[in-house]
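The structure appears below as structure tokens.
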Amino acid sequence: MRKTEILTMLAAVVLGGCAERERVERMQTGPFEPAWESLSRYETPEWFRDAKFGIWAHWGPQCAPERGDWYARFMYMENAPSWAGDIFAYHRQRYGHPSQFGFKDVIHTWKAENWDPDKLLALYKRVGARYFVALANHHDNFDNWDSKYQPWNSVKVGPKKDLIAGWAEAARRQGLRFGVSVHASHAWTWYEPAQGADKTGPYAGVPYDGKLTKADGKGLWWEGLDPQDLYAQNHPRSADAEDPSAIHRQWDWGNGASVPDEAYCRKFYNRTLNLLNRYRPDLIYFDDTALPLYPVSDVGLRIAAHYYNSSIRWNKGKLEAVLTGKVLTPEQRRCMVWDIERGTSPQIEPLPWQTCTCLGSWHYDRRIYEQRRYKSAKTVVQMLVDIVSKNGNLLLSVPLRSDGTLDAEEERILEEIAAWIDVNGEAIYATRPWKVYGEGPAMSEAAPIRGAGFNEGRGRPLTAEDVRYTVSKDGRTLYVFLMGRPAAGQTVVLKTLRLKNASGQGRVNLLGWAGPIDWSVDSAGRLTVTWPAMETERPFDAFTCVLKISGFEMDVQESDAGEKL
């Protein structure tokens, strides 16, 4: 009997007792077992390495107030961090006190009435996304599908629609790879402020709704539903629960975090396997250190093994699955794809990785639209180029309004990205890192990663003095990204690149430009390009211009000491 089969038989014991008492979803057997050593046999599929750019709909009931991220936590926290804005006061002004109108009631207001996944996915494909990711659940513990194990789901409450099914079908009609993001493992600690009460004012001492039970719903709209299936707060709070920053120190279930019980872990396992089995995603994103509930439970390891083995079965013996995790050790990066949140690696990584970031707030914030504070198309394009040059992919969240639509500013930004991709996409898709990722002043001022990432925008801004490289998979074509537009007649010298025009077939072209390019290679192999004058400037060149170099022998310049630069 295989080890995985033995472990599957033991699952009922590990995850909560005999199968008669409560069902445990069966883990798919196969070559992968729920252990790091076994998962280290994982190889990132080619589709992901070639795709480079994905778009994410980080969209759920916390978008209903259109007031930004972590709404369902900060509406209960008077001392929320400054970046959260005024959610605590805003909730009371708009909805009332959380003892009478908690987050469960916010969910009831969310209708997603204008959501059109086919229209959105057609746009995202035109913008250049090669994969699409939908939010399956967030820390708010609400499942955006017809969930078998979570009664608080989008079919029974709120929109009354299977959102994941709609996203999956639309993505596949567009020929895009489909992914889901799962964040609900942390609801146990994340919702702990819902156990509290106001410390001052007319409601001082009146408990919020975080510990309500099914019996409390008699005669109310949520009669028959148990709030504890959503809030999961029948437990003592974590150490330093009043400190809004404590949860970040406790994200890996240490430093005094309240540890989830067996039933909570089992339910998360069942919900996630139900999601995977039902929608068969090509990618699953976990918002966790390493894997969900690790190291206090083995369910994350079991989910990973199940997913990889299932992918092999779904794809006729070929592993096509991508699973992402954060804050990974070097050993864990061999087991899955490393995700860096709102940041980037400072170097070419030996294994494929991903940056996840957002145009604005993770959950829609109308103030960002009104104040025009989204990332610009230029910023997104430059991030994409820098990430791809270092063996990474960019997953860009484009916030959706409560009703499921984009605002006008987001549409404008996406159209500008599409214009750049239309001309320069060949330098992005199905490429690989070159021997060096680039040159220029920004390289020496790269900001270090902090925790899960968070070095975005902290380094020196990229300019036309900065260069990034990618190369075709066959190694014959080099793409040189100038991270800005040189002036007409300006001379550009590539100091890192060494060219040898051995066959006399060397060519240098500017992507999207039919006119001639004045270029030369000196005796040291350095390429010099004189920038052409254009009758009509191309607006997207201000983001990044791309030279295509082919027909040369290509290497890196050596220093006077004989070392590669």
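The values are calculated or read from the model by the stated rules, or taken from the named source; none is laboratory data. Predicted model, so just to flag it, every value in this text is computed and none were measured. Neighbour counts are summed over all protein chains in view; Cβ atoms, including those assigned to glycine, are modelled from backbone coordinates with ideal geometry. Accessible surface is based on the protein model in full, side chains and every heavy atom, while ligands, DNA and RNA are left aside. Shrake-Rupley method; radii C 1.70, N 1.55, O 1.52, S 1.80 Å.
Scan segment 442-476 for residues that are touching an Asp or Glu at 6+ places or on another chain (Cβ under 9 Å) and at pLDDT 95 or above and the total you get is 6.
When Pro260 is tested against (1) surrounded by fewer than 22 Cβ atoms within 10 Å (Cβ to Cβ); (2) out of contact with any strand residue (DSSP E or B) (no Cβ under 7 Å at 6 or more places or on another chain); (3) assigned to a loop (DSSP other than H, G, I, E, B), exactly one condition is not met: (1). Within segment 477-494, take every residue that is closer than 22 Å to Pro433 by Cβ and outside any strand (DSSP E or B) and give me the one that is modelled with the lowest pLDDT. Ranking the qualifying residues of segment 477-494, first place goes to Gly484.
You will find that of Gly158, Gly201, Gly175, the residue that is on the phi > 0 side of the Ramachandran plot and at pLDDT below 95 is Gly201 and no other. One residue stands out in segment 272-328 among those that are among the aromatic types (Phe, Trp, Tyr) and in a helix (DSSP H, G or I): the one that is most open to solvent (accessible area, probe 1.4 Å), namely Trp314.
Does Gln195 meet the test of being free of Cβ contacts under 8 Å to residues at least 60 places away in the same chain and closer than 22 Å to Asp252 by Cα? When the stated conditions are applied, Gln195 passes them. Scan segment 512-528 and tell me whether some residue there is in contact (Cβ under 8 Å) with a residue 40 or more places away in the chain, open to solvent by 20 Å² or more (accessible area, probe 1.4 Å) and over 17 Å from Ala427 (Cα atoms). Scanning segment 512-528 turns up no residue that is in contact (Cβ under 8 Å) with a residue 40 or more places away in the chain, open to solvent by 20 Å² or more (accessible area, probe 1.4 Å) and over 17 Å from Ala427 (Cα atoms).
Among the residues of segment 509-565, which ones are modelled with pLDDT of 90 or more, among the β-branched types (Val, Ile, Thr) and not in a strand (DSSP E or B)? Answer for segment 509-565, where residues must be modelled with pLDDT of 90 or more, among the β-branched types (Val, Ile, Thr) and not in a strand (DSSP E or B): Ile517, Thr544.
All of Gly201, Gly166, Gly179, Gly175 fail the test of being within 30 Å of Val299 (Cβ to Cβ) and either open to solvent by 10 Å² or more (accessible area, probe 1.4 Å) or part of a loop (DSSP other than H, G, I, E, B) (or both), apart from Gly166.
Please determine whether any residue of segment 237-247 is open to solvent by 10 Å² or more (accessible area, probe 1.4 Å), touching a residue at least 24 places away in the same chain (Cβ under 8 Å), in a loop (DSSP other than H, G, I, E, B) and basic (Lys, Arg). Yes: one or more hits.
Pairs meeting the criteria (first residue in segment 404-416 and under 12 Å from Lys378 (Cα atoms), second residue at pLDDT below 95, beta carbons under 9 Å, at least 6 apart or on different chains) are Glu416/Pro539; Glu416/Phe540; Glu416/Phe543.
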